[in-house]
Structure formats: C-alpha cells, structure tokens
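Enquirer: Questions regarding the structure given below will be posed in turn.
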Amino acid sequence: MCYHTKLTANVEAIEKEFAAQFYEPELFKPQVAINGFAFGLNPVVLDEDRGHITMANWGLIPFWAKDDAIKKMTLNARIETAASKPAFRNSVKNRCLIIADGFYEWQWLDAKGKKKQKFMIEPTDQEVFGFAGFYSSWKNPDSGVEVISYTIATTAANELMAKIHNNKKRMPVIVTKQDRNAWLNGTDLQNFEFPYNVSLQAVPV
C-alpha cells in the first residue's frame, strides 16, 4: 500500500516538470514526510484541467457520501478491483496524477511486524513523478463547500517492492513520464497493473 510519501521539490520545479501552473501556490509547502492519515492537501493534475495543478485532499470521498468518514478507508485503491468497488467505481474514469518525489514503506523483520526497517523509495529516472490516482468532487452537506479528494492506485509489487513490502506485497502505481497523458486520457486500467512499473531504488532510513 502507500500511505506515506514525500515532495520536497519547489513550486518552480513541479510546474516545469508537469507543464502546469499552481492555482494556489501559497497552499503548497514542500514536505519530507506526508502522512496520508492526516488527509491533507497535496498537488495533483486532474484529467480535465491538465494545464493547472490543484491542491486536493488525500482520501477519496465519493460524491454520494453523507460525510467524509469514508476517507480513512480510501487512501489507496487496488487497481485490479477499483471499477467494481462502491467507493471507487464512480471515480475510476476521473483520472489524476498525484505529484511526489518519493514514498516510504516498511519491511517486516519478523513474522508479526514488531520489528521493521523503513525505506525511502524513488524512481531512478524521474526526480518528480506522478502516482496514478482517481479523484472525486464531493459537496459537504453542512458547509456547502466542494472538496476535491483523491486516492492512489496500487498494484502487485515488483521484485524490489515484494522484498520491502513483504507482508502485503503491494506498491503504488507510478506513471512513466511518457504515459502520463495515456493515464489521464482513460487508457484501460489493466494496462497499468503489474507488470507495469518503473525502475525504483530504495534506501534504508
């Protein structure tokens, strides 16, 4: 799975990489550690607005939700089953790229995971990249405020990630630079399931 990411690049580097402009650059703060369970705002490129970078909340809230409690269970979406799951099936055609420059995973060193080794993982060919994601627009029934939220798509782990994420053997889908438009254009999800992956490097931290 993927619940901890990082994005330390500055606004200028991100805008250059994605050929897009931040709507609200003042809301963006580089972070060494982004915890999904904080449900914070992070930069994304939406399929319907590729020339801009939107700040969106991690933890997808379907349009039909009565409140936002579901976000605790929608930080990730299994790409193999997302189209059939109630929380995601209305959003799988809403594609986005979640901008990052690394993520973290923990390797279990014993059978119950009481001892763990943390790794920082990055692509070898992209300094700033996009996770494959789905997004949703939800209107808070109490305040009337529109919330754009997202989930990171995951797939079966490649060889490196299977050794690190050795309890669940999953990994986030990182889109290659040349496939960014294909993802946003709605190319079949199966094309982004494992064995689709990018070259990664992992450093213990």
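Since every read-out is calculated from the coordinates, none of them should be taken as a lab result. Since the structure is predicted, the reported quantities are computational estimates derived from the model, not experimental observations. For neighbour counting, all protein chains shown are included, and Cβ atoms are generated from backbone atoms with ideal geometry for every residue, glycine included.
Enquirer: Among 71/139; 16/177; 6/66; 72/115; 72/139, which pairs are too far apart, with a Cα-Cα distance over 21 Å? Intermediate values should be presented prior to the final figure.
Expert: On the way: 71/139 14 Å; 16/177 13 Å; 6/66 31 Å; 72/115 25 Å; 72/139 18 Å.
Over 21 Å Cα-Cα: 6/66; 72/115.
Enquirer: Report the one residue of 100, 135, 84 whose Cα lies farthest in the direction of the positive end of the charge dipole of the chain (charges on C-beta: Lys and Arg +1, Asp and Glu -1; origin at the Cα centre).
Expert: After comparing all options, I get 84.
Enquirer: In nanometres, what is the gap between the two model label sites at residue 117 and residue 205, each 7 Å from Cα along Cα-to-Cβ?
Expert: Taking the simple label geometry, residue 117 and residue 205 are separated by 1.6 nm.
Enquirer: Residue by residue through segment 26-33, which ³J(HN,Hα) values in whole Hz follow from phi under the Karplus form 6.51 cos²θ - 1.76 cosθ + 1.60 (θ = phi - 60°), with glycine and proline marked x?
Expert: Going residue by residue, I get 5, 7, 8, 10, x, 9, 6, 9 Hz, with x marking Gly and Pro.
Enquirer: In percent, what relative contact order does the chain have, based on Cα pairs under 8 Å that are 6 or more apart in sequence? Please report the intermediate quantities before stating the final value.
Expert: Working: 461 pairs, mean separation 46.2, N = 205.
Relative contact order for the chain comes out at 23 percent.
Enquirer: For a Förster distance of 30 Å, can you work out the FRET efficiency between the beta-carbons of residue 166 and residue 68, rounded to the nearest 0.05? If you can, show how the numbers build up before the last one.
Expert: Numbers: r = 33 Å, r/R0 = 1.08.
So, using R0 = 30 Å, E works out to roughly 0.40.
Enquirer: Right, another one. Which residue, 17, 193, 105, has the most motion in a Gaussian network model of the chain that connects Cα atoms within less than 10 Å?
Expert: 17
Enquirer: Answer with a single label: of (i) 64, 35, 30; (ii) 60, 35, 29; (iii) 48, 36, 31, which was calculated as Cα extents along the principal axes in Å from the structure in view?
Expert: (iii)
Enquirer: Name the shape class, rounded, prolate or oblate, that the alpha-carbon gyration tensor gives for segment 26-66, where a ≥ b ≥ c are the square roots of its eigenvalues, rounded holds for a/c under 1.5, and otherwise prolate holds if a/b is larger than b/c and oblate otherwise. The partial results should precede the final answer.
Expert: Working: a/c = 2.56, a/b = 1.08, b/c = 2.37.
Oblate, since a/c reaches 1.5 and b/c is not below a/b.
Enquirer: Related question: In which sequence would 183, 106 go, from the one with the fewest C-beta neighbours within 10 Å to the one with the most? Walk me through the numbers before you get to the answer.
Expert: Details: 183 24, 106 16.
The most exposed by this proxy come first: 106, 183.
Enquirer: Contour minus end-to-end for residue 33 and residue 145, with contour as 0.36 nm per residue of separation and end-to-end as the Cα-Cα distance? Don't skip to the answer; put the middle values down first.
Expert: Working: separation 112, 0.36 × 112 = 40.32 nm, distance 2.75 nm.
Contour length minus Cα-Cα distance gives 37.6 nm.
Enquirer: Starting from the Cα of residue 11, step 7 Å along the direction of its Cβ; do the same at residue 108; then give the gap between the two resulting points in nm.
Expert: With each label point 7 Å from Cα toward Cβ, the separation is 4.4 nm.
Enquirer: Order 194-200, 58-64 from most to least packed using the mean count of other Cβ atoms within 10 Å.
Expert: Details: 194-200: 15.9, 58-64: 20.6.
Top to bottom by mean Cβ count within 10 Å: 58-64, 194-200.
Enquirer: Here's something else I'd like to know. HN-Hα J couplings of segment 79-95 from phi, Karplus 6.51/-1.76/1.60, θ = phi - 60°, integer Hz, Gly and Pro as x?
Expert: For segment 79-95, the Karplus-derived couplings read 5, 5, 10, 4, 5, 10, 8, x, 5, 10, 4, 7, 10, 5, 8, 9, 9 Hz, x marking Gly and Pro.
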